[in-house]
Amino acid sequence: MENITKIKSLFANSWVQGAIPTGLLVLLIVIVELASPGFLTGETLALLLSNTAVLFILATGVTFVILIGGIDLSIQAVASLASVILAQLLPSMGFAAFPVAILSGLGFGLLSGIVHVRLRVPSFVATLATGGVVAGIALWIANGRAITIEEAGRVNTIWINETVVGVPVVVLLAIAVGLISFLILRYTRFGRYSFAVGAGESAAYAAGINVDRTKVIAFAISGTLAAIAGVILASRLSSGSPSLANQLLLPAIAAVIVGGTAITGGLGGVGRTAVGALIISIVRIGMTFVGVNIFAENVIFGAVLIGAVAITIDRSKIAIIK
Amino acid sequence: MQSFLTRLTSGKRLRKWRAFAPLAVLVVLCIIITIANPNFIEPRNLIRVANSAAVPLTLAMGMTFIILLGSIDLSVEGAMSVAAMVVVLLAANDSNAHNYGWLAVLAAIAASTMIGLLSGVLQTVLRIPSFMTTLGVWFIGLGLSVYMLGGSAVRLMDESIRGLALTRFLSLPLAVWVALAAFTLAIIIQYYTRFGRHVLALGGGEDIAEFSGVNPRRVRIYAFGLAGFFFGVAGVLAAAQLGQSNATIADGRLFAAVTAVVVGGTALTGGEGGVLNTLVGVLIVTILANGMILLGISPYIQQTVQGLMIIAAVALSLDRLNLKIVK
């Protein structure tokens, strides 16, 4: 019994919580390297990182929202909408389709945030609702079909699939997003406010922080990054579809939680999410490697999500767990 | 804006009025659609409405108890697709040689109930919020059913189970009668059992209920099990209606269920509303969808309208405005 409490207090230490995911990642890399030497070099490594990039960008957006103690269940819809807008507008608008698609994400992120703080709707319901709104709009714009980006439009998306000095552009984009997000969280007032709001909303409020504004900005960032992820996904697949990113909601949230950001907010960051996203990607590759059916992946991710939440959650913060 | 909302929704008289708002919306909706397109009121169309309300009504019965607790169950689509998968694979089908007939239906409902109980046990034992637990369980269920179906569609060949959708009694398909039975069962549970009272009490204030001797963990686990039961019945109905089970059989169902419960006037904070509200909510959602088709509006916009309805309904329920911290 005493041992159990010891283990529990060990887990409760935030430093240890931050180190576990990194240790897990290193362990996974070692296992993959042992199982198939040379797997993590050259082309396969580039492919692994490119595949992680979109997931990481999505997860980074959710990280902002989870840090303030909320959740965003609309990211997959926003990403899909952005892909549809991009595919639809590329032929007529050319490169300008990119900012339009990304701004749609900003708009719906703002909408989620405003609905959440103004109307005092819990974030999971607010984003479930805006996610439905967005999914309907995406279906309507695309007429329920996938839109292929034709040769004429592909001129503008080709740069995303290229490499710079051997590093895929997608990976560079992800690194840029990660760095900027890291700097925002660490060195801006909004970043510090986010941690304060997540750590204790009433205390943050009493300290004079504009809690509502901080929350709305977090949701706006989440929407924008989701749209960026959707645009990149569409460019890579040369197609936009209203269900393009539907399979990414769970891995994205799982990446954030597995990385060690607490669902209760106030603890975590973009670096942890990067580790989490890599873990998810390697586990996914490992599963196909070991021979786990691709359809069963969701079962494992679902279980991993529940387990990771159970470990990272700060129960002292919720009086009644509903 | 906030003060206007408060003024609009405060006061005892208005509070009473608010309870009837969903019903008023339903009546006005029917009148508007009938004026715009008289075909709406034809018996053939009304039967169609009843038929398409069957699955959402059954689902929403389960969801009502969860929302009354102040929790949420996001695993609707997972539980439902597992039930549909089990019934199709165990009854006569075009993928394997099983032919257990109605035992398959029982097995499907049992499987879904187990998934509900799993959600309940996981969240009470691990002490994590229901939306995270059920988000995980949603994908566990979905992954399981897609895996078992091998990623393809399997046809249901059992004629008697198909009869749920095809056989008619008093000119309504059996599925509608099953949904009405589920509704009656939910009414009995909510208004005439101790468990129903306990759910309301927990939703109204968990600490007070616990002091009064309610076991919150047990009630919560039972409630999620009960929800799983209703989702299972709905999964069987959906499989019978579609004549097959595939990966997308439950797509959009979570959304419809939550919309119906919330639009019916059950508060997300728990403890307020109930099964009767949900019946009105389901009718609003289904009739609106039907009306949009009659009026020639793109069906793709339906989710958008439902999303806006959730936001509007939640925004108009006054008790939220007093809450300090909303996460």
Flag if B:Leu126 is free of Cβ contacts under 8 Å to residues at least 12 places away in the same chain and closer than 26 Å to A:Ala296 by Cα:
yes
When both residues are 6+ apart or on different chains and their Cβ atoms are under 6 Å apart, which pairs have a first residue that lies in the range A:48-74 and is under 18 Å from A:Val125 (Cα atoms), and a second that is among the charged types (D, E, K, R)?
A:Val62/A:Asp72; A:Val65/A:Asp72; A:Ile68/A:Lys215; A:Gly69/B:Lys327; A:Gly70/B:Lys327
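Just the residues that are outside any helix (DSSP H, G or I) and among the charged types (D, E, K, R), please, taken from the range A:108-121.
Going through the range A:108-121, the residues outside any helix (DSSP H, G or I) turn out to be A:119-121.
Listed by number, the list holds a single entry, A:Arg120.
Only one of B:Ile140, B:Ile161, B:Ile187, B:Ile208 is under 20 Å from the mean Cα position of the chain (by Cα), of a type outside the set (Lys, Arg) and more than 30 Å from A:Gln247 (Cβ to Cβ). Can you tell me which?
Details: B:Ile140 fails: more than 30 Å from A:Gln247 (Cβ to Cβ); B:Ile161 fails: under 20 Å from the mean Cα position of the chain (by Cα); B:Ile208 fails: under 20 Å from the mean Cα position of the chain (by Cα).
Going through B:Ile140, B:Ile161, B:Ile187, B:Ile208 in turn, just one is under 20 Å from the mean Cα position of the chain (by Cα), of a type outside the set (Lys, Arg) and more than 30 Å from A:Gln247 (Cβ to Cβ): B:Ile187.
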Over the range A:102-121, the set of residues more than 7 Å from chain B (Cβ to nearest Cβ) and of a type in the set (D, E, K, R) is A:Arg118
How many of the residues making up the range A:256-278 are assigned to a helix (DSSP H, G or I) and more than 14 Å from chain B (Cβ to nearest Cβ)?
9
Between residues in the range B:259-280 that are free of Cβ contacts under 8 Å to residues at least 24 places away in the same chain and within 11 Å of chain A (Cβ to nearest Cβ) and residues that are of a type outside the set (S, T, N, Q) and assigned to a helix (DSSP H, G or I), which pairs lie under 9 Å by C-beta distance while being six or more apart or on different chains?
none
Looking across the range A:135-147 at residues that are part of a helix (DSSP H, G or I) and facing chain B (nearest Cβ under 8 Å), the single one that is nearest to B:Ser298 (Cα to Cα) is A:Trp140
Restricting to the range B:257-276, give me the number of residues that are within 13 Å of the chain's Cα centre (by Cα) and surrounded by 24 or more Cβ atoms within 10 Å (Cβ to Cβ).
10
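For the range B:31-56, name all the residues that are aliphatic (A, V, I, L, M) and either under 21 Å from B:Ala179 (Cβ atoms) or touching a Lys or Arg at 6+ places or on another chain (Cβ under 7 Å) (or both). Break it down stepwise before answering.
Going through the range B:31-56, the residues aliphatic (A, V, I, L, M) turn out to be B:31-33, B:35-36, B:41, B:46-47, B:49-50, B:53-55.
Listed by number, the residues that qualify are B:Leu46, B:Ile47, B:Val49, B:Ala50, B:Ala53, B:Ala54, B:Val55.
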Take A:Phe124 and decide whether it is in a helix (DSSP H, G or I) and more than 8 Å from chain B (Cβ to nearest Cβ).
no
Might you check whether a residue that is touching a Ser or Thr at 6+ places or on another chain (Cβ under 6 Å) and at pLDDT 90 or above occurs anywhere in the range A:92-99?
no
Taking the range B:137-157, which residues are more than 9 Å from chain A (Cβ to nearest Cβ) and hydrophobic (A, V, I, L, M, F, W, C)?
B:Ala153, B:Val154, B:Leu156, B:Met157
If B:Ile128 satisfies all but one of (1) within 14 Å of chain A (Cβ to nearest Cβ); (2) assigned to a helix (DSSP H, G or I), what's the number of the condition it fails?
(2)
For B:Leu279, work out the one condition from (1) closer than 22 Å to B:Phe40 by Cα; (2) at pLDDT below 85 it doesn't fulfil.
(2)
From the residues in the range A:224-273 that are surrounded by fewer than 24 Cβ atoms within 10 Å (Cβ to Cβ) and closer than 18 Å to A:Thr148 by Cα, which one is modelled with the lowest pLDDT?
A:Asn246
Kindly list, by first and then second residue, each pair from a residue in the range A:288-301 that is within 22 Å of A:Ile253 (Cβ to Cβ) to a residue that is of a type in the set (Ser, Thr, Tyr) and part of a helix (DSSP H, G or I), limited to pairs with Cβ atoms under 6 Å and residues at least 6 apart or on different chains.
A:Phe295/B:Tyr147; A:Ala296/B:Tyr147
With (1) touching a helix residue (DSSP H, G or I) at 6+ places or on another chain (Cβ under 8 Å); (2) surrounded by fewer than 16 Cβ atoms within 10 Å (Cβ to Cβ); (3) more than 30 Å from A:Asn246 (Cα to Cα) as the list, and B:Leu174 as the residue in question, which single condition is left unmet?
(2)
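With B:Ala312, B:Ala250, B:Ala240 as the choices, which residue is over 16 Å from the mean Cα position of the chain (by Cα), more than 14 Å from B:Thr64 (Cα to Cα) and buried (at least 20 other Cβ atoms within 10 Å of the Cβ)?
On the way: B:Ala312 fails: buried (at least 20 other Cβ atoms within 10 Å of the Cβ); B:Ala250 fails: over 16 Å from the mean Cα position of the chain (by Cα).
Among B:Ala312, B:Ala250, B:Ala240, only B:Ala240 is over 16 Å from the mean Cα position of the chain (by Cα), more than 14 Å from B:Thr64 (Cα to Cα) and buried (at least 20 other Cβ atoms within 10 Å of the Cβ).
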For the range A:54-78, which residues satisfy the criterion of being farther than 28 Å from A:Arg192 by Cβ and not β-branched (Val, Ile, Thr)?
A:Gln76, A:Ala77
Please identify the pairs in which a residue from the range B:25-45 that is within 18 Å of B:Val263 (Cα to Cα) has its Cβ atom under 9 Å from the Cβ atom of a residue that is at pLDDT 90 or above and of a type in the set (Asp, Glu), counting only partners at least 6 apart or on another chain.
none
Anything in the range A:152-175 that is farther than 22 Å from A:Leu90 by Cα and of a type in the set (Gly, Ala, Ser)? List them, or say none.
A:Gly166, A:Ala174
Can you tell me which residues in the range A:81-122 are touching a strand residue (DSSP E or B) at 6+ places or on another chain (Cβ under 6 Å) and either of a type in the set (Ser, Thr, Tyr) or at positive phi (or both)?
A:Ser83
Within the range A:279-304, the count of residues that are part of a helix (DSSP H, G or I), over 21 Å from B:Leu135 (Cα atoms) and either at the interface with another protein chain (Cβ under 8 Å from one of its Cβ atoms) or of a type in the set (A, V, I, L, M, F, W, C) (or both) comes to 5
Under 20 Å from B:Gln123 (Cα atoms) and within 11 Å of chain A (Cβ to nearest Cβ) - does that describe any residue in the range B:224-246?
no
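Conditions (1) buried (at least 24 other Cβ atoms within 10 Å of the Cβ); (2) among the β-branched types (Val, Ile, Thr); (3) in contact with a Lys or Arg (Cβ under 9 Å, 6 or more places away or on another chain), marked per residue:
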position	(1), (2), (3)
A:Ile85	yes, yes, no
A:Pro91	no, no, no
A:Pro99	no, no, no
A:Ser112	yes, no, no
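The values are calculated or read from the model by the stated rules, or taken from the named source; none is laboratory data. No experiment lies behind these values; they were computed from the predicted model shown. Neighbour counts run over all protein chains shown; Cβ positions are idealised from the backbone, glycine included.
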